[in-house]
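Peer 1: Questions regarding the structure given below will be posed in turn.
What follows draws every value from the coordinates through simple rules; no lab data is involved. These numbers come from a predicted model, not from an experiment. Here Cβ is always computed from backbone atoms with ideal geometry, including for glycine, and neighbour counts include all displayed protein chains.
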Amino acid sequence: MIPIGLILDSLVALLLVVTVIYCYQLNARLRALRSGQDGLKDLIRGLNEATERAQAGIAQLKVAGDAAGKELKETVTKSRALADELSLMIEAGNNIADRLEGHAEGSASKSRVKVGMPDTPGNEMAETGTAHQSALNHLEGEMLKALREVR
């Protein structure tokens, strides 16, 4: 028979071999965890750098947006002023045109009366009076003067 001491020593030796193998596997896993931890540190460092760059980019975009907003506001203000000025110029031009039309109709009626022509639409083309031309020149001068004042 095999002595019990030998069986017990063999069993302890076997358990020690199993323990050594388990420790070797555990050491390999710990090494992998440490290297993964280093990789994780690098990943976190990279994320922090990317976050800082993104924050700087956002700040730059905000500054650029504010500048563009101010520029747009100034452009809109100038455009409104020009639109108002143009509206005044158009109104002045319409007023002068109405006066020219009224004066031209009055001159045409006066010249027809002087010449003795009937006041009909067909005879308006026949008038060649210098009074009518001088009235038109005078009104054109007034129109140019009014346009200059509006500017």
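Peer 1: Apply the Karplus parameterisation 6.51 cos²θ - 1.76 cosθ + 1.60, with θ equal to phi minus 60°, to every residue of segment 45-54 and state each ³J(HN,Hα) to the nearest whole Hz, in sequence, with x for glycine and proline.
Peer 2: The phi angles translate into 4, x, 5, 4, 5, 5, 5, 4, 5, 5 Hz.
Peer 1: If each residue of separation counts as 0.36 nm, what is the full-extension length gain between Asp66 and Leu30 once their alpha-carbon separation is subtracted?
Peer 2: 7.6 nm
Peer 1: Another one. Please give, to one decimal in nm, the separation of the simple spin-label points placed at Lys73 and Val12, each 7 Å out from Cα toward the Cβ.
Peer 2: 8.9 nm
Peer 1: Roughly speaking, what is the stretch gain from Arg148 to Ala59, that is 0.36 nm per residue apart minus the C-alpha to C-alpha distance, in nm to one decimal?
Peer 2: Numbers: separation 89, 0.36 × 89 = 32.04 nm, distance 4.74 nm.
Gain on extension, Arg148 to Ala59, equals 27.3 nm.
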